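Here the structure comes first, spelled out in structure tokens, and everything after it is commentary.
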Amino acid sequence: MPRRPIDGQRSLSELGAPLVDTTFVVVDVETTGGSPATDSLTEIGAVRIRGGECLGTFSTLVNPGRAIPPTITVLTGITESMVARAPRVEEVLPSLLEFIGDAVVVGHNVRFDLGFLEAALARSGREPLRPVSVDTVALARRLLRDEVPNCKLGTLAERLRLPHQPAHRALDDALATADLLHVLLERAGSLGVRGLDDLLALPGMAGHPLAGKLALTERLPRSPGVYLFRAQDGRVLYVGKATNLRARVRSYFSTDERRKVSSLLRATARIDHKVCESTLEAEVLETRLIRDLLPHYNQHGTRWQRYPYLKLTLDEAFPRLSVVRAPRDDGALYLGPLRSQSQARSIAEAIETVVPLRRCAQPVRAGVVRDAPCTSAQLGVSACPCTGSVDAAEYAKSVQTVVRGLTDRPELLVEPLTARMEALAADERFEEAALTRERLANLSTALRRQRRTAALVQCERIVVGLDGGGAAELRHGVLWRMWPAEPGEGEATPLWSARSDEAARDVEMRPESLPVPDVPLPREFADELTCVASWLHRHADRIRLESADGELSSPLPRLDEFQPAGEAVSRRTPRRVRRGSPQPTR
């Protein structure tokens, strides 16, 4: 019988299979002691079941090749004379493995049973079994703990009046565990457990104080999409995306430890969902829903109306940097929109560290000379043309350095900042080095984001073939239409010369207008285009560019992220550590 790969992993379709169609093999072993490393098997029992029906049993004594302690004989009734002519475990394993096959292994404290089986496989030179396994002890603790004094198999069999009673013999205990599994599956059904993946996650979920609301997830599919937590009055409380809607939403009842999750679940009365063709559509739709609905429990994407811009005021005689709320058609150079005022100020400070631009907000008027320089000029960190001591031509060169650094030559700003950071770290001035690194990271992130979104906006139309089949159309970077996968379409499919418009489907919540090239990006498009650019970057090796009305490649050098080792990075940002960068946080 064919075996699964050595890693024992099952596909999403296998894990989501209905429990009624899942084959389980309940296993129990008797041993000479409690350690797989030093003790041996004396008996193996197994029961194969599916859909509540027993498909067969397996039972054999095993010669342990060593003496059986008297305490074990008293407990199990297995004597040395009983196992003297029994086969050795090496002879039993082939038939046992054939009996188990690809089934899900079940046991009462299944780690004990699997530990001895894996040790026997290793000693006989065979591959590890590593099956998907279900522990009836963990399930009983979650589903029956209020009804029984403990979760021992004997106690459960007595209290639940199971048809088979355990007797410390392998097959008897396996039959009793199979009866217990049927009871547990029936109880689990009241919590919306219908698939194998639900069952595997249940031990962590059923203990949640709001586990009763698991029934809200019963209709969620195992496919990419967007989910919406709604209050009793229909208000959207939270919007999220997932590659597997059912698994992700149910995880809120177990593994999600974010502070506000319990409050969110208490306020939730309904969970809606929207199935998407791909993760790209799911990420974009999530972004659009958050942008328009501003759900109370979402943080990322709800503050877009306050995104600022960093402005280089080229309309002045002596330009300076300023943080502004909105761009204007005034000939200035804009960077943004940026995530926050603090990020914008950090980038300004990074640039001003390299280039001594003036920092005072007062305009410089021709013929008007101040008596004393501004405070920053007195500290030697900026120029002060107000006193007439700054040469206009030299200042213009500094401004040109900033313009080039923010457009086509980022190394003019990045390299001096990197050198400063490394020098500070070498001098053990770690706090200053960390501050410089933070400013450098903010500058690099903003430049990288602006570079990617600008390239998308320049392209009037882009069509990309998706790795699972189908395609997506972008218009000026905005996700516009989706094509479903055709039968047999996939990674090996040749590039399409054209796709039928009749087969395309409009993506929900498309904007009424589109971004315009060569002008600052409106803040309402910032999150969506950043989302699209990041998705394309992450999946570049798994998608196909079918057509592009514009230039997507860039001659500009790659920008590092400047994240030091050991620093937590947002789950939305892929981590990339710059080789050779200092680590001032240590």
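Derivation of every value follows stated rules applied to the coordinates shown; laboratory data play no part. Here the structure is a predicted model, which is why all the values come from computation and not from measurement. Cβ placement follows ideal geometry from the backbone for every residue including glycine, while neighbour counts extend to all protein chains displayed.
Give the cross-link partners of K274 among the lysines, using a straight C-alpha distance below 29 Å as the criterion and excluding same-chain residues fewer than 8 apart.
K213, K241, K260
What do you get for Rg/Rh of segment 430-482 when both radii come from the Cα atoms and Rh is the Kirkwood radius?
Across segment 430-482, the Cα-based Rg/Rh ratio is 1.29.
Check T31: other-chain or 5+ apart residues with amide H under 5 Å from its amide H, H built from backbone geometry?
T42
Answer rounded, prolate or oblate for segment 80-182, using the Cα gyration tensor with square roots of eigenvalues a ≥ b ≥ c: rounded when a/c is under 1.5, else prolate when a/b is larger than b/c, else oblate.
prolate
Just to confirm the filter: which trypsin sites (Lys or Arg not before Pro) across segment 91-158 are DSSP coil and have at most 13 other Cβ within 10 angstrom of their Cβ?
The qualifying sites are R145.
Using only the Cα atoms, what convex hull volume per residue in Å³ does segment 459-548 have?
103
Give the relative contact order (percent, whole number) for segment 209-305; include only Cα pairs under 8 Å separated by 6+ residues.
Relative contact order, segment 209-305: 35 percent.
Mind listing the long-range amide H neighbours of A471? Cut-off is under 5 Å, sequence gap 5 or more, other chains count too, H placed in the peptide plane at 1.01 Å from N.
The answer is L466, W483.
Could you state the principal axis extents of the C-alpha atoms in segment 407-564, from the largest down, to the nearest angstrom?
In descending order, the Cα extents are 65, 35, 26 Å.
Provide the per-residue ³J(HN,Hα) series for segment 133-139, in order, calculated from phi with Karplus coefficients 6.51, -1.76, 1.60 and θ = phi - 60°, each as a whole number of Hz, with x at glycine and proline positions.
10, 10, 9, 5, 5, 5, 5
Please report, for the Cα atoms of segment 111-247, the Rg to one decimal and the Dmax as a whole number; what are they, in angstrom?
18.9, 63
Mind listing which chymotrypsin sites (Phe, Trp or Tyr not before Pro) in segment 69-116 are in a DSSP loop and have 10 or fewer other Cβ atoms within 10 Å?
Loop-located and lightly packed - none at all.
Charges at C-beta only: +1 for Lys and Arg, -1 for Asp and Glu. How large is the resulting dipole of segment 209-305 about its Cα centre, in Debye rounded to 20?
Value, rounded to 20: 260 debye.
Cβ under 11 Å from P327's Cβ, P327 left aside: what net charge do those residues give with Lys, Arg +1 and Asp, Glu -1?
Net of charged neighbours comes to +2.
Please grab the % of Cα pairs in segment 209-305 that end up more than 18 Å from each other.
In whole percent, the share of Cα-Cα pairs in segment 209-305 beyond 18 Å is 43.
What's the FRET efficiency of A215 with T79 using the Cβ-Cβ distance as r and R₀ = 45 Å, to the nearest 0.05?
The value I calculate is 0.30.
How would segment 12-189 be classified by its alpha-carbon gyration tensor: rounded, prolate or oblate, with rounded meaning a/c under 1.5 and the a/b versus b/c comparison settling the rest?
Cα axes put segment 12-189 in the oblate bin.
Expected output is a single nm value to one decimal: the length gained when fully extending between Q232 and H537, i.e. 0.36 nm times separation in residues minus the C-alpha distance. What is it?
105.9 nm
Please report how far the C-alpha centroid of segment 23-58 lies from that of segment 209-245, rounded to the nearest whole angstrom.
Each part's Cα centre sits 39 Å from the other's.
Loop-only GluC sites (Glu not before Pro) in segment 415-484, please: DSSP not H, G, I, E or B, and at most 16 other Cβ atoms within 10 Å.
E428, E460
Given the C-alpha centroids of segment 160-206 and segment 445-470, what is the distance between them in whole angstrom?
Their Cα centres are 50 Å away from one another.
For a quick check: with amide H placed at 1.01 Å from N, whose amide H comes under 5 Å from L333's, ignoring anything fewer than 5 positions away on the same chain?
Those lying under 5 Å, H to H, from L333 are L312, L314.
What ranking, highest mean first, results for peptides 169-179, 46-56, 505-515 when packing means the other Cβ atoms within 10 Å averaged over each residue?
Peptide ranking by packing, descending: 169-179, 46-56, 505-515.
Give the separation of the Cα centroids, segment 428-442 to segment 75-136, in Å.
Computed from Cα coordinates, the inter-centre distance equals 57 Å.
Using a simple spin-label model with points 7 Å from Cα along the Cα→Cβ vector, what separation in nm is obtained for R404 and F430?
It works out to 3.7 nm between the two label points.
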